[in-house]
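Working notes for the structure below.
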Amino acid sequence: MPIDRRSVIKLLPGLAAAAALDPISARGESTVLTASPLKTRYRPFDEVTLQGARGGTLVVRDGTGRTYLQVPANESVTFTVCGGLGRHEASVVDSEGRSLASWSFDVDCETELRESSGNFEQLLNAALWTMMDWNQESPVNVIRYKDRVYQLFVIWIFDHTLTLKGMKYYWPELKDTVDFFAATQREDGMIWENCYPATPEGNYFDWKFSYGNFVRRLENGFRQLRRAPVESHVEQFFIEALYVTWQATGDDEWMKAKLDSAIRALRYATSDPYRWSQKYKLMHRGFTIDTWDYTSDDQQKVGSDCVFVVYLDKSEFGVFFGDNTLLIAACRQLSEMLRVAGRNGEGSEFDQLADAIQARLDKLSWNSEFYTHWIAENPDYKPDVGVDMSKQVSLSNAYSLNRGISHDKCVSILNTYQRIRREMPRTSPGEFYGIYPPFEKGFTQNEPGMVWEYVNGGVLTVVAAELAHGAFENGFEEYGGDILLRQKALADRYRGYLPVVLRGKAYEAPQRTFQKLKIRDAANVDIGSGSAQVPGWDPQNNLRNLPLGAQEFLNVPFDVIASASNGGRACIGLARTEGYAPSTTIAVKQKAASLYLLHAANGPEPTVGTLTFHYADGSEHTEYVQQGKNIGSWWEPRDSKYKREGPRVSDSYRIAWQESQRAMVNIGVYAAGFNNPHPDRDIESITLHSGVGNSKWMVLAATLSDAPVFFAPYDDLSTGIPDGWNAGIAWAILEGLAGVKDTGGAFRHTTLAPRWESVGVNEVEVTVRYPASQGYCAYRYRRDGELVDLEFTGSASDFEVRVLLPKQHKAASATLDGISVPVETAMVEKSAYAVLHVRQGGLHRAKFLLKS
């Protein structure tokens with residue numbers, strides 16, 4: 001197996017377990033046990049044959065000490081490994097319980113999925129790769145605070161919590177993030193949003209955030225805690241992170257030690273004037289798009305022109321429903337943890353708070369189909385945003401499906417998204433919008449500030465994940481499966497990587513005309529090897545094969561000079577080098593909206609020159625020509641083609657032509673666009689100046705256009721969100737489709753609801769493991785005609801089995817471990833589930849005989 005970071009990470013849980021255990025051993029007085037096959041580590045469902053026993057009883061116990069096999073000892077006994085992970089022990093005992101021989105062995109596993117279609121296995125691998133790779137090849141960040149190093153998936157508690165949804169199945173260290181944000185909690189209970197490296201000198205955030213104590217320094221000023229004043233979801237995400245981490249670790253004592261921090265956080269969120277509306281007794285925030293941290297254009301102007309700030313006496317506040325559904329979920333998560341800690345009275349308090357907030361929110365924001373995005377507290381505030389805000393469906397509707405809202409509301413939201421799919425633009429990659437329809441205006445100041453990009457009409461795979469999970473839980477299983485299959489197609493398009501934001505509607509190429517400029521008189525360099533009189537590009541690696549004459553590159557026409565027709569001079573060479581020109585001027589004498597150059601650079605300096613528009617009225621405008629902005633190197637040319645984020649419409653240059661052979665260096669030239677800021681003025685001429693240093697700037701052709709710069713996008717990538725958020729896809733597959741749900745922490749109690757019938761998959765092997773604990777569940781599912789066969793085990797002491805049945809079918813009978821048992825049928829919408837309650841751990845096999 002090739003050794004890379006992914007394979008090492010995958011081995012971490014097993015290596016950690018192996019390091020903690022003794023080597024495999026066999027001992028006994030008169031009996032010697034041998035095992036076949038002999039392994040250093042066994043997995044659940046492995047079959048082991050023990051040989052050598054000659055009487056007595058064979059007892060096999062799992063890593064928790066629970067007995068899962070007790071049979072008469074024979075010369076050869078074959079059994080299936082199951083139950084809790086860790087050191088298992090097989091013992092042969094006599095009638096008085098004395099050990100005659102014993103053999104111990106290690107059992108471990110990792111999260112994995114094998115299924116007959118291959119689609120969901122590959123999608124899970126794509127989600128894993130994206131989670132591991134998005135952050136510049138590093139799955140975690142680190143922060144040092146008070147001589148302790150903390151690991152965080154992302155240094156924002158919001159982003160970390162969303163990434164945690166999937167990484168909890170693959171990563172062993174999860175507590176650090178909660179520990180860090182609890183240790184730094186502000187005195188009034190506020191949770192900081194992020195923590196960045198800094199220097200002791202004051203910076204932008206000191207300037208903008210200090211008015212409300214929303215910034216603080218650590219580590220002698222070299223770390224900075226920040227809280228965007230507009231954000232009203234941070235405390236809830238802290239509690240969600242605490243809850244999910246507690247589940248994955250199963251560490252009750254650690255969780256109990258964090259409960260007071262969690263209570264202070266919710267007390268802050270439900271009382272501080274920046275977070276809590278006295279008018280509605282709900283959470284409020286400034287005017288933003290859903291849960292995002294930048295305010296509308298008009299709200300930025302009322303304060304300090306900062307996208308992140310709000311002011312109690314100047315900003316417009318309103319109720320954003322997503323802050324509140326997240327708060328309701330946080331209250332219920334906190335209540336559950338308090339009850340586990342024996343603090344039942346406090347748990348009841350937060351249950352009652354959740355119920356009260358839910359009632360108030362439903363009355364204010366539920367519009368009979370979905371939750372209305374944002375409702376202003378000031379009835380006179382009616383922002384001009386180019387869309388009817390009462391009809392916008394924002395992304396937290398999908399998230400709210402999984403926050404405990406009522407089933408009827410879930411059904412209505414799912415129907416709403418299916419409606420959006422029917423009516424959305426034909427070129428949209430999916431109905432998973434940040435907000436739909438987008439704001440046509442009013443949110444342009446924040447980068448990228450464009451319609452159909454980012455959260456303003458961009459399509460988010462994290463919304464797809466939440467929607468799929470909610471669909472599986474609420475009787476829309478086929479819709480959930482379809483969503484995941486579309487995510488699989490997306491991952492295939494991006495070479496096994498899953499981008500989180502796509503443009504919500506394809507760009508339409510502008511109508512435009514072109515006018516080619518004449519540069520023959522200014523040409524001074526050959527594009528081939530050159531001569532004694534005319535310098536060339538390079539004796540061997542040059543542009544001698546570049547197409548000449550009238551050409552079209554990237555839908556832009558150019559005249560490429562044939563050197564033989566112009567005294568060996570084919571392009572303008574600008575440099576501070578003999579034979580090249582320090583500057584040149586090209587006559588224009590007409591209006592234009594943009595200028596395109598066919599050009600390339602050679603040399604180390606990032607700035608290779610300047611381009612100046614001279615207008616007939618005597619004014620002028622200058623643009624810097626910089627590598628990575630509007631030009632690139634002709635050696636090994638690169639543009640945005642293989643980048644992982646957009647927005648693609650912002651590309652101002654592209655590779656126009658390149659030549660690559662195994663025996664030579666990859667070389668090429670670019671088409672680059674320069675927008676004219678004054679298209680209404682006549683352009684007298686354009687001057688090109690070389691930069692300082694050793695760089696060379698070669699211009700092969702120039703063309704004017706009556707429209708702004710446009711290059712057709714390579715793809716539909718957008719920008720603005722960490723791709724690690726696609727952890728939600730792993731969660732939707734493993735908990736939604738595969739149906740493995742932890743209901744007790746470390747899978748001590750497990751719900752097993754395989755929904756493979758909804759995607760037509762008949763054979764599956766699933767293991768879901770928390771590397772942060774010994775918690776896991778594994779099963780084998782097989783449907784053969786009218787028989788469903790489910791074999792399962794795990795760390796649980798009990799299981800609730802809920803098997804999705806084919807349409808118009810029910811379970812006529814069921815057996816559990818070979819014994820006939822009664823089976824219940826539960827309906828979720830039109831979906832039927834066969835239900836069994838299994839009250840003990842170990843290995844079980846349930847069989848369901850179906851009938852229509």
*Can you name every residue in segment 249-290 that is in contact (Cβ under 8 Å) with a residue 40 or more places away in the chain, surrounded by fewer than 16 Cβ atoms within 10 Å (Cβ to Cβ) and within 30 Å of Thr743 (Cβ to Cβ)?*
Asp252, Trp254, Arg267
*What is the residue count in segment 108-125 for residues that are surrounded by fewer than 23 Cβ atoms within 10 Å (Cβ to Cβ) and outside any loop (DSSP other than H, G, I, E, B)?*
8
*Would you mind listing the strands (runs of 3 or more DSSP E) fully within segment 607-712 where at least 3 residues are of a type in the set (Val, Ile, Thr) and surrounded by 15 or more Cβ atoms within 10 Å (Cβ to Cβ)?*
607-615, 683-690
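What residue, among those in segment 752-766 that are part of a strand (DSSP E or B) and over 16 Å from Ala826 (Cα atoms), is farthest from the chain's Cα centre (by Cα)? It would help to see each step written out before you state the result.
In the first step, residues of segment 752-766 are kept if they are part of a strand (DSSP E or B); the result is 752, 763-766.
Now restrict to residues that are over 16 Å from Ala826 (Cα atoms): 763-766.
On the way: Glu763: 29, Val764: 26, Glu765: 25, Val766: 23 Å.
Looking at residues that are part of a strand (DSSP E or B) and over 16 Å from Ala826 (Cα atoms), I get Glu763.
A quick yes/no check of all residues on (1) farther than 28 Å from His233 by Cα; (2) buried (at least 19 other Cβ atoms within 10 Å of the Cβ); (3) among the β-branched types (Val, Ile, Thr):
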| position | (1), (2), (3) |
| --- | --- |
| Trp103 | yes, yes, no |
| Ala127 | no, yes, no |
| Trp134 | no, yes, no |
| Phe153 | no, yes, no |
| Leu162 | no, yes, no |
| Glu173 | no, no, no |
| Cys195 | no, yes, no |
| Asn203 | no, no, no |
*Return the total of residues in segment 251-309 being within 28 Å of the chain's Cα centre (by Cα) and among the aliphatic types (A, V, I, L, M).*
9
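Any idea how many residues of segment 126-136 are farther than 14 Å from Leu490 by Cβ and either under 11 Å from the mean Cα position of the chain (by Cα) or not in a loop (DSSP other than H, G, I, E, B) (or both)?
Filtering segment 126-136 down to residues farther than 14 Å from Leu490 by Cβ leaves 128, 131-136.
Subset that is either under 11 Å from the mean Cα position of the chain (by Cα) or not in a loop (DSSP other than H, G, I, E, B) (or both): 128, 131-135.
Looking only at that region, the number is 6.
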*Could you figure out which of (1) within 20 Å of Lys505 (Cα to Cα); (2) modelled with pLDDT of 95 or more; (3) surrounded by fewer than 22 Cβ atoms within 10 Å (Cβ to Cβ) isn't true of Pro438?*
(3)
*How many residues are part of a helix (DSSP H, G or I), over 16 Å from Asn456 (Cα atoms) and in contact with a helix residue (DSSP H, G or I) (Cβ under 8 Å, 6 or more places away or on another chain) when one looks only at segment 363-397?*
1
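Would you say Phe711 is at negative phi, among the hydrophobic types (A, V, I, L, M, F, W, C) and more than 24 Å from the chain's Cα centre (by Cα)? Give the steps one after another, and end with the answer.
Numbers: at negative phi: yes; among the hydrophobic types (A, V, I, L, M, F, W, C): yes; more than 24 Å from the chain's Cα centre (by Cα): yes.
In short, yes.
Per-residue answers, yes or no, for (1) buried (at least 17 other Cβ atoms within 10 Å of the Cβ); (2) among the β-branched types (Val, Ile, Thr):
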{"site": "Gly567", "(1), (2)": "no, no"}
{"site": "Cys571", "(1), (2)": "yes, no"}
{"site": "Arg576", "(1), (2)": "no, no"}
{"site": "Tyr580", "(1), (2)": "yes, no"}
{"site": "Ile586", "(1), (2)": "yes, yes"}
{"site": "Leu597", "(1), (2)": "yes, no"}
{"site": "Ala600", "(1), (2)": "yes, no"}
*From the set of residues in segment 291-315 that are surrounded by fewer than 19 Cβ atoms within 10 Å (Cβ to Cβ) and closer than 24 Å to Ser390 by Cβ, which is modelled with the highest pLDDT?*
Asp298
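Can you tell which of Ala587, Ala616, Ala593 is aliphatic (A, V, I, L, M), under 20 Å from Ala523 (Cα atoms), touching a residue at least 12 places away in the same chain (Cβ under 8 Å) and assigned by TED's automatic domain parsing to the domain that holds Ala523? Break it down into steps so the answer makes sense when it comes.
Details: Ala616 fails: under 20 Å from Ala523 (Cα atoms); Ala593 fails: under 20 Å from Ala523 (Cα atoms).
Sole residue among the options that is aliphatic (A, V, I, L, M), under 20 Å from Ala523 (Cα atoms), touching a residue at least 12 places away in the same chain (Cβ under 8 Å) and assigned by TED's automatic domain parsing to the domain that holds Ala523: Ala587.
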*Output the number of the condition that Pro806 fails; it satisfies all remaining conditions of (1) out of contact with any Ser or Thr (no Cβ under 6 Å at 6 or more places or on another chain); (2) part of a strand (DSSP E or B).*
(2)
*Among residues belonging to segment 509-537 that are modelled with pLDDT under 90 and closer than 27 Å to Val709 by Cβ, point out the one that is surrounded by the most Cβ atoms within 10 Å (Cβ to Cβ).*
Trp537
_For segment 158-182, give me each residue that is more than 21 Å from Phe747 (Cβ to Cβ) and in contact with a strand residue (DSSP E or B) (Cβ under 7 Å, 6 or more places away or on another chain)._
His160, Asp176, Thr177, Asp179, Phe180
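The values are calculated or read from the model by the stated rules, or taken from the named source; none is laboratory data. Predicted, not measured: the structure shown is a model, and the values here were computed from it. Reconstructed Cβ throughout: ideal geometry from the backbone, glycine too, with neighbour counts over all protein chains shown.
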